[in-house]
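In what follows, a structure is listed as structure tokens, so that the remarks can point back to it.
The values are calculated or read from the model by the stated rules, or taken from the named source; none is laboratory data. None of the values given here were measured: they were computed from a predicted structure. Cβ placement follows ideal geometry from the backbone for every residue including glycine, while neighbour counts extend to all protein chains displayed.
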């Protein structure tokens, strides 16, 4: 089973240069849910990895999980 502790033990590598040292920062991600004028902007603070060697930035599955939780909160609020 993949737990948060196990995820923390995994050492990602940069897909651009292969380095394995990163700086992790919390940054706000924004995205739209819906179409046209009815679209609603959602946001969440997610961890962003920046490669210490080349500066390449990426997010992990953790960011996706956080974004999905914000989406669920939005939908729960719409059901009221």
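What the table shows:
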| read-out | value |
| --- | --- |
| Complete set of residues in region 21-69 that are more than 27 Å from residue 11 (Cα to Cα) and assigned to a helix (DSSP H, G or I) | 36, 37, 38 |
| Yes/no for residue 53 being in contact (Cβ under 8 Å) with a residue 24 or more places away in the chain and out of contact with any strand residue (DSSP E or B) (no Cβ under 7 Å at 6 or more places or on another chain) | yes |
| Residue 55 being over 21 Å from residue 76 (Cα atoms) and exposed (fewer than 11 other Cβ atoms within 10 Å of the Cβ) | no |
| Residue satisfying all of: in region 1-21; surrounded by 10 or more Cβ atoms within 10 Å (Cβ to Cβ) and within 24 Å of residue 70 (Cβ to Cβ); modelled with the lowest pLDDT among these | 7 |
